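Peer 1: Could you have a look at this structure, given as structure tokens, before my questions?
Nothing in this text is a laboratory measurement; each read-out follows from the coordinates by a stated rule. Predicted model, so just to flag it, every value in this text is computed and none were measured. A quick note on method: Cβ atoms are made from the backbone with ideal geometry, for glycine too, and the neighbour counts reach across all protein chains shown.
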Amino acid sequence: MAKNTTSVRLPDELVEALDRRAAARGLTRSQLIVEAVEHALQDGADWSPRFLKAISTPRPELNDAADEMMRAIRKRRSRKEAPDL
């Protein structure tokens, strides 16, 4: 696999944290950065940032509907109790 060199500017604190984490894992700075980029590109790659933000934002106005749904699920379960969420 061909390798490219890329230059980025990072704050000093981030570079220090990066170096500490790389050392703790026995990796070079570059190896850790490659892992982080690979992970970032895999994690949620099929989901838009807007969708991910929407599902991670608490929606208190939906609490009653969610409770009603859980009551209906528990009522119809025949084998075991539904867990409390």
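Peer 1: Mind ranking 55-65, 26-36 by how tightly packed they are, going by the mean number of other C-beta atoms within 10 angstrom, highest first?
Peer 2: Details: 55-65: 8.3, 26-36: 12.8.
Peptide ranking by packing, descending: 26-36, 55-65.
Peer 1: Each label point is 7 Å from the Cα along the Cα-to-Cβ direction; what then is the distance between the points at Ala2 and Leu14, in nm?
Peer 2: 2.7
Peer 1: Moving on. Per-residue ellipticity at 222 nm for the chain, helices alone: DSSP H runs ≥ 4 residues times -39500 (n - 2.57), over residue total, nearest 500 deg cm²/dmol?
Peer 2: Values: 4 runs with 50 residues, N = 85.
Calculated at 222 nm, the ellipticity per residue is -18500 deg cm²/dmol.
Peer 1: HN-Hα J couplings of segment 28-40 from phi, Karplus 6.51/-1.76/1.60, θ = phi - 60°, integer Hz, Gly and Pro as x?
Peer 2: 7, 4, 4, 4, 5, 4, 4, 4, 5, 5, 4, 5, 4
Peer 1: Something else: If you take the alpha carbon radius of gyration of the chain and divide it by 2.2 N^0.38 Å, what ratio comes out, to two decimals?
Peer 2: Numbers: Rg = 22.1 Å, N = 85, 2.2 N^0.38 = 11.9 Å.
Relative to the 2.2 N^0.38 Å estimate, the chain comes out at 1.85.
Peer 1: Set Lys and Arg Cβ to +1 and Asp and Glu Cβ to -1, take the dipole of the chain about its Cα centre, and tell me which of Pro60, Asn4, Val34 lies farthest positive.
Peer 2: Farthest towards the positive pole: Pro60.
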